[in-house]
Structures are given as structure tokens and as C-alpha cells.
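Enquirer: Structure in C-alpha cells, see below.
No lab work stands behind these numbers, since they all come straight from the coordinates. Here the structure is a predicted model, which is why all the values come from computation and not from measurement. Please note: Cβ atoms are built from the backbone with ideal geometry, for glycine as well, and neighbour counts cover all protein chains shown.
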Amino acid sequence: MAKIVFFCVAFQSQAQDKETIVKGISISNFEVDNISDVEIKVTVDYSYVGKTDPEKFFIYAFPQDEEGNSMSRNVNTALIPLKTGNNQVVFTIRKHLKNDDFTSKSIKICMLDIKRKMYCQEFLFNKSWNSTIKHPRIISFTAKKTNIKKGEITELVWQTENAYNVSLYGERPNVQKVKPSGFVNISPKKTATYRLNAKRSLETYTREPGTNMYITITVDSGPELESAPEIVFFKIEPQNIKRGEQVRFYWQINNAQKIQLFDSFGEIMSDIQDANKEFGKLQKINGEYMENLNKSETYILKATNNFGSVKKIFKVTVKCKKID
């Protein structure tokens, strides 16, 4: 894509007898980005003093042939409302693909109201407007890894040609404009299909469908928890002891990652299952604890995961006398 800059190559409208020249207005610093065989971007600075109305006063750009005839009907361009003072404006001029090919020798820029042209300047710019264009193509669209675990990162890499408007569509509603060739790191929360869309036109309003390529990233999230833990059982043996004897606690719990055992003084033990795993993964836990008691005590077993926690309470009675 070539950028061409022109300075001071301009003149007032040839048809001055039909146009009103307004003092205090000018058009300068003409620049062209030659986007493709059918599209250019024109940038100019202008000064304007006079009336403004977004529905009546405009600035407008269009190509002309060698004889000075307007080729505005062969292209798509916009009327941009005039503003007072010093301003810069950008025009996108795109050939109608159904029209015949043509060659322009200049770009004419005019300030006008709905009835007449107020002021025009013409800038030399030779261009062949040909519709026999090369269509955009996606050369490759790949992923470093197409099968990942939840929380893992993978890299999408792509390469295109003849494309100036490339978009990457991911997990809804995520869409982002990307370079014609490049890469991006992604970490989808669930299995998702990514679409790379390549168009030739830079304009977002165009109906050009472009070309697409798809890739699916499969996410293995493992057995997910959908509820709080379950205490299958919590038993103490024996439940009645004499002073100084030992008591044994044992339990089985599903879907928990952290187990805590409390007495009346606070936490007496904690069991965290595999801290390297993602919190909330399915865990089946069997555990036990032993202690010598001198007095009756109440115990609480607490199981926790990322969906909540559950408790179970058990009381051990210590008899002062020997139990028959």
C-alpha cells in the first residue's frame, strides 16, 4: 500500500462563471493511500468560513478523466458535512465493481451546498481503476494446541494475502480486528470454534463476504462440581469412653477439596487435597484422626469446595467411672 503526498498542485474550478468563489476557504495538503486497484483513501486539510448545516453544506471528492469529466458515477464516495475553521477530512473512494474499468488523471475536491459548487480544487493523480482484482485468501490458520485443559493457553497463528480487513471471531460476543498475518494467545473457558474472516475492503459497511477459515479448540474441563460436598459418613468409635482412653474418628466425603476437624477449642486438623489441582475438582476423601480424651467433647467435621461447605456434628461422652 503506497502513500503519495502532493503539495500545492491545485487550481480553482475552471467553470468560474458558473461557480461562486468564496473568500477565506482553501483546500491543501493532498495525500493518497493507494489501497488497491479499486480503492484509495484521500486526506486533505481545508479552511472554511461560511454557513454550516449537516444537511446542506458538504465537502466531496471524486476522480476525473483526462478531459476533466467527472467519474463520480463510477465510484462510491461520501458527502462529508463542512465545518468552519481549519479541518482535516479523509475520503474513501471505491470503484463500483459492476462498472467498466477506467483511468483517472486527477482527484477533484469540492465544497458545495445542495444547489451549487462553492469552491473546487483539482489534484493530479493517475490511477487505473480495474475490477479484475485478486481476491483475499487465507493461506493458513492453525493452533499450537487444539486440545487443552481448562485454564491452559494456546496460540492461534494465521497468514493471509490480498486482505486488508481481517477479523477474528471467538467466544461470543468476542470479535477483534487483527493484522493480515499474526498470532494471538487464547484461553477459552469451554470448547469453542474460532473463525478468521479476511476481506479486501477496509470499510466496515461493505457487504463483501470475504473468505473464512475455522478452527475448534477443545477444552477438557475435567469432572466439574455442580454442588456442595457430601459427607457420606462421619463416625467415632467408641462413642462412650472412660477418662484418658483413645477415640478414633473416620469419615468418607465426596466432592470436597478441603476437610477440617474442630473441637470446642478450634481447628485441630486440616486436610487439603492436592493443592496443585484447580479448586473445586472432584475429590473422594477418606480420612481419620485419633485422640485421647479426659472430658466429654463435641466435634465438627467441615467439608468445602467452590460451591459451598457442609458440616456434621458428633459428641463423645467421657465417663468418670469404668464402663461395664
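Enquirer: Cα-based Rg of segment 137-220 per 2.2 N^0.38 Å, rounded to two decimals?
Expert: Values: Rg = 12.9 Å, N = 84, 2.2 N^0.38 = 11.8 Å.
Segment 137-220 yields a ratio of 1.09.
Enquirer: In terms of Cα to Cα distance under 26 Å, which lysines are near enough to residue 23, apart from those fewer than 8 places away along the same chain?
Expert: Of all the lysines, those that pass the test against residue 23 - Cα under 26 Å, at least 8 places apart if same chain - are 51, 56, 83, 108, 115, 117.
Enquirer: Once Rh for segment 59-111 is found with the Kirkwood sum over Cα pairs, what is the Stokes-Einstein diffusion coefficient at 10 °C and 1.306 mPa s, in µm²/s?
Expert: In µm²/s, the coefficient is 132.
Enquirer: Between residue 125 and residues 5 or more places away or on another chain, which pairs have amide H atoms under 5 Å apart, with H built 1.01 Å from N, and which residues are they?
Expert: 106, 107
Enquirer: Another question about this same structure. Search the structure for amide H atoms under 5 Å from the amide H of residue 118, placed 1.01 Å from N in the peptide plane, and list their residues when 5 or more places away or on another chain.
Expert: 111, 112, 113
Enquirer: Cα-based count: Lys pairs in segment 137-220 below 25 Å, eight or more positions apart or different chains?
Expert: Counting lysine pairs in segment 137-220 gives 18.
Enquirer: According to a simple spin-label model (label point 7 Å from Cα along Cα-to-Cβ), what is the distance in nm between residue 246 and residue 73?
Expert: Between residue 73 and residue 246, the simple spin-label model gives 10.5 nm.
Enquirer: Using Cα pairs closer than 8 Å and at least 6 residues apart in sequence, work out the relative contact order for segment 18-83, in percent. Numbers along the way, then the final one.
Expert: Values: 77 pairs, mean separation 17.3, N = 66.
Contact order relative to length: 26 percent.
Enquirer: Under 16 Å from the Cα of residue 319, which lysines turn up, not counting those fewer than eight places away in the same chain?
Expert: 242, 295
Enquirer: In addition: List the residues of segment 40-66 whose backbone N lies under 11 Å from a point placed 7 Å from the Cα of residue 26 along the Cα-to-Cβ direction.
Expert: 46-48
Enquirer: Suppose every K and R has +1 on its Cβ and every D and E has -1 on its Cβ; what is the size of the dipole of segment 22-123 about the Cα centre, in Debye to the nearest 20? Kindly include the intermediate steps, with their values, before the conclusion.
Expert: Values: 14 positive and 14 negative charges, 106 e Å.
My answer is approximately 500 debye.
Enquirer: With +1 on each Lys and Arg Cβ and -1 on each Asp and Glu Cβ, and nothing else charged, work out how big the dipole of segment 37-95 is about its Cα centre, in Debye to the nearest 20.
Expert: Dipole magnitude for segment 37-95 comes out near 280 debye.
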